[in-house]
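**Student:** Quick one: the structure is below, and I'll ask about it shortly.
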Amino acid sequence: MSLLFAGYLIRLDKTNTKSVWAIQRSIFTLCLDGAMPQVSDETYRSSAAIQMLHGGGSQWNSGNRWFDKTLQFIIGEDGTCGANYEHAPAEGPPIVALIDHVVEYTRKPDLVRTPMVPLPMPQKLHFNITPEIKKDIEEAKHAMD
């Protein structure tokens with residue numbers, strides 16, 4: 001979603017403003033993707049890379065991205081996971097170091113973890129979609145494809 005479109009959503013509705021600002025203030029987005037297209041074992045990695053890069057188009061998971069967000073963690077229905085990084089704020093090496101750290105951390109099964117601090121429950125973000133916004137979304141789907 002572009003910042004221009006986000007600005008359009010904000011001007012129209014208080015509910016939309018609240019939801020857009022929740023996304024904009026967040027450190028990252030977590031994209032919980034639906035199924036990926038079925039592919040052979042030989043092309044699985046390429047298909048997964050497409051999902052991480054852009055979500056595979058409007059028929060798959062592209063609508064499940066906020067491309068203006070610097071960091072998106074993506075987890076597919078089948079367990080495929082990765083990240084999408086928009087590097088305008090900073091170059092890639094710090095993010096690569098972060099992801100390398102996370103991968104290494106998860107490989108330590110005997111690691112003693114400190115007790116978790118309770119976090120607020122996730123809340124669904126709501127948007128009021130007018131016919132004009134719906135038309136813009138359909139045009140954006142076409143442009144994405």
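**Student:** I want to check the label-to-label distance for residue 125 and residue 145. Put each point 7 Å from Cα in the C-beta direction and report it in nm to one decimal.
**Tutor:** That separation, rounded to one decimal, is 2.5 nm.
**Student:** Can you work out the Karplus-derived ³J(HN,Hα) for every residue in segment 42-57? Use 6.51 cos²θ - 1.76 cosθ + 1.60 with θ = phi - 60°, whole Hz, and x for glycine or proline.
**Tutor:** Once θ is set to phi - 60°, the couplings for segment 42-57 become 5, 10, 4, 5, 5, 5, 5, 5, 4, 4, 6, 6, 8, x, x, x Hz.
**Student:** Moving to a separate point now. Per residue of segment 76-88, in order, report the coupling 6.51 cos²θ - 1.76 cosθ + 1.60 (Karplus, θ = phi - 60°) as ³J(HN,Hα) in whole Hz, putting x for Gly and Pro.
**Tutor:** The phi angles translate into x, 4, 8, x, 4, 9, x, 9, 10, 10, 8, 8, 4 Hz.
**Student:** Please compute the length gained on full extension between residue 64 and residue 81, using 0.36 nm multiplied by the number of residues separating them and subtracting their Cα-Cα distance.
**Tutor:** Numbers: separation 17, 0.36 × 17 = 6.12 nm, distance 1.40 nm.
Value of the extension gain: 4.7 nm.
**Student:** Please report, largest first and rounded to whole Å, the three semi-axes of the ellipsoid equivalent to segment 59-145, where each semi-axis is the square root of five times an eigenvalue of the C-alpha gyration tensor.
**Tutor:** Values: eigenvalues 211, 69, 37 Å².
They are 32, 19, 14 Å, listed largest first.
**Student:** Let me ask another. When DSSP assigns beta bridges and you keep just the ones with both residues in the chain, what percent turn out antiparallel, to the nearest 5? Kindly include the intermediate steps, with their values, before the conclusion.
**Tutor:** Values: 5 of 9 bridges.
Expressed as a percentage, antiparallel bridges in the chain total about 55.
**Student:** Report the dimensions of the chain along its three principal axes from the alpha-carbon atoms, largest first, rounded to Å.
**Tutor:** Between the extreme Cα coordinates on each principal axis of the chain lie 53, 42, 29 Å.
**Student:** Also, quick follow-up: Taking amide H positions as placed 1.01 Å from N in the peptide plane, with prolines and chain starts having none, which residues 5 or more places from residue 71, or on another chain, fall under 5 Å of its amide H?
**Tutor:** Result for residue 71 returns 29, 86.
**Student:** Further question: Counting Lys and Arg as +1 and Asp and Glu as -1, each charge on the Cβ, what is the dipole of segment 22-141 about the Cα centre in debye, to the nearest 20?
**Tutor:** Working: 11 positive and 15 negative charges, 83 e Å.
Here segment 22-141 has a charge dipole of around 400 debye.
**Student:** Still on this structure: Rank these for me by crowding, 52, 144, going from fewest to most other beta carbons within 10 Å.
**Tutor:** Values: 52 20, 144 15.
The most exposed by this proxy come first: 144, 52.
Readers should treat all values here as calculations from the given coordinates under stated rules, not as data from a laboratory. All of these numbers come straight from a predicted model, not from anything done at the bench. As a convention, Cβ positions derive from the backbone with ideal geometry for all residues, glycine included, and neighbour counts pool all protein chains shown.
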